[in-house]
Amino acid sequence: MTRIFTVLQKLAATTAAALLGAAAVPATAHATPDPKAPKEFVALGDVDPTIIQEMRYFTEHDFVGERIDGYKKPMCILTKPAAKALHKAQTGLLKKGYSLKVYDCYRPQRAVDHFVRWAKDLDDQRMKAEFYPQVDKTRLFADGYIAEKSGHSRGSTVDLTVVKLPARPTRPYVPGERFTACYGPQKDRFPDNSVDMGTGFDCFDTLSHTDDPRVQGVQRANRDLLRDALSGQGFVNLPEEWWHYTYKPELFPDTYFDFPVSRRSLTGR
């Protein structure tokens, strides 16, 4: 009798566990899918495949030191007018022996949230020596380097530079390698196949201000080359960042999107 009772107890426990497992399935099966991009967004590579893409936030070589949330593919997504305007700027630069290279385009809100979390973690200083060697991390919000919202999330803003053709490959970043300051001489900075702009991309320093008077000679000419190519096609520069341009008028001036950076975000809409 005792043996039968024990068997019944085990059977009841097994059945209960199975029922609990079955009940847990719908929660996973009905997970909220990622949002899709509106039809006004396109992949830059479909509009102009000649523009070089080096999508930094898909890699570990950025000021955070890891791939950023929302970047599922290393691709540039923009609103159609912004992408077409970049194509026109590229056409003019190609005739001069140069190419545009984009570092970042549309940026999901979840990526901006990742930046904010990182900025609030004052103990995480792993990329300081390269990207913000002269800036105290407690000042990132006050000095405007990090914000809760970004124009990139509206889809018409792009971070970019100019490359002399034929383009040399940029060597891969090796996590843990020795850092050098982003504002140092070009020969000392992390190697980039772009022309010398006076600082590296995403350099948190006043030398990154587009019209900083300390930037002269070839570096000044290179910044002006980029600005002239883009301003003629409707792009407006952010004065604090030589690499940051927004196409005007924006299609979505008040909307901050959060669909992932991926080909899937552009299909099945």
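Observations
- Note on the range 222-269: among residues that are of a type in the set (A, V, I, L, M, F, W, C) and within 19 Å of Val163 (Cβ to Cβ), the one that is surrounded by the fewest Cβ atoms within 10 Å (Cβ to Cβ) is Leu225.
- Thr79 fulfils the conditions (1) buried (at least 20 other Cβ atoms within 10 Å of the Cβ); (2) outside the structural domain of Gly232 (by TED's automatic domain parsing); (3) not acidic (Asp, Glu) except for a single criterion, (2).
- Residue match in the range 113-128 (condition: closer than 26 Å to Ala221 by Cβ, over 15 Å from the mean Cα position of the chain (by Cα) and touching a residue at least 60 places away in the same chain (Cβ under 8 Å)): no
- Verdict on Arg214 being under 23 Å from His87 (Cα atoms), without any contact (Cβ under 8 Å) to a residue 40 or more places away in the chain, more than 20 Å from the chain's Cα centre (by Cα) and not in a strand (DSSP E or B): no
- Condition check for Asp159: out of contact with any Gly (no Cβ under 6 Å at 6 or more places or on another chain), within 21 Å of Leu78 (Cβ to Cβ) and not hydroxyl-bearing (Ser, Thr, Tyr): yes
The values are calculated or read from the model by the stated rules, or taken from the named source; none is laboratory data. This structure is a prediction, so every number in the text was calculated from the model and none was measured. Positions of Cβ are backbone-derived with ideal geometry, glycine not excepted, and every protein chain shown enters the neighbour counts.
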